[in-house]
């Protein structure tokens, strides 16, 4: 088995892309309540701050800040994925098992990136908020309901019309 090396730095922001195996699925938005509940449960047991998030039909992007001296984001993702899978199982969904005994709902791994500085943080936040437009799901970021963009507008961090025109510098982080 391959042993993946992940960079884990104390007091750092982390950008993640987490994906379902079936890239044509809509389970994350179709079962948004269960996904939010899974995240809430894990946050209660293993605290972390969500700096930004967007949930798309089959993948999500998020930026987390973990508590001081705690870099175990892998356990948090394992628990979120497991909780979501169990909640869907209770609703009557059944997924095939992979050879390693895990269910075939999620891709086994995920993309993570340690945010280097404030510029990198802001670029990744912009990427997260613009992602539904990038994927052709909506014409403007304001239309996508499953995004921290709305909280950013509410708290005055972004203007209501942010992203209506082409956004310079939006890269392909973690896609």
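What follows is calculated from the coordinates using simple rules that are stated; it is not laboratory data. For clarity, every value in this text was computed on a predicted model and none was experimentally measured. Here Cβ is always computed from backbone atoms with ideal geometry, including for glycine, and neighbour counts include all displayed protein chains.
Among 155, 62, 85, the largest mean-square fluctuation in a Gaussian network model of the chain (Cα springs under 10 Å) belongs to 155. Shape of segment 30-127 from its Cα gyration tensor (a ≥ b ≥ c, root eigenvalues): rounded if a/c is under 1.5, otherwise prolate when a/b > b/c, or oblate? Prolate, because a/c is 1.5 or more and a/b exceeds b/c. Against the chain, whose longest principal axis is taken from its Cα atoms, helix 73-90 shows a tilt of about 70°. In degrees from 0 to 90, rounded to the nearest 10, what is the angle of the helix 32-45 Cα long axis to the longest principal axis of the chain? For 32-45 against the chain, the angle is about 80 degrees.
Ordered from longest to shortest, the equivalent ellipsoid semi-axes for the chain are 26, 20, 15 Å, each the square root of 5 times a Cα gyration tensor eigenvalue.
With both labels modelled 7 Å from their Cα along Cα-to-Cβ, the residue 102 to residue 86 distance reads 1.7 nm. Relative contact order of the chain, please, whole-number percent, based on alpha carbon pairs below 8 angstrom and at least 6 residues apart. Averaging sequence separation for qualifying contacts and normalising by length gives 28 percent for the chain.
Comparing 112, 143, 45 in a Gaussian network model of the chain, where Cα atoms under 10 Å apart are tied by springs, the biggest mean-square fluctuation is seen for 45. For the chain, modelled as a Gaussian network with Cα springs under 10 Å, which listed residue fluctuates most, 153, 141, 29? Among 153, 141, 29, the largest GNM mean-square fluctuation belongs to 153. Computed over segment 76-118, the P(r) tail beyond 16 angstrom holds 46 percent of alpha carbon pairs.
Counting only alpha carbon atoms, the long axis of helix 118-134 and the longest principal axis of the chain meet at about 80°.
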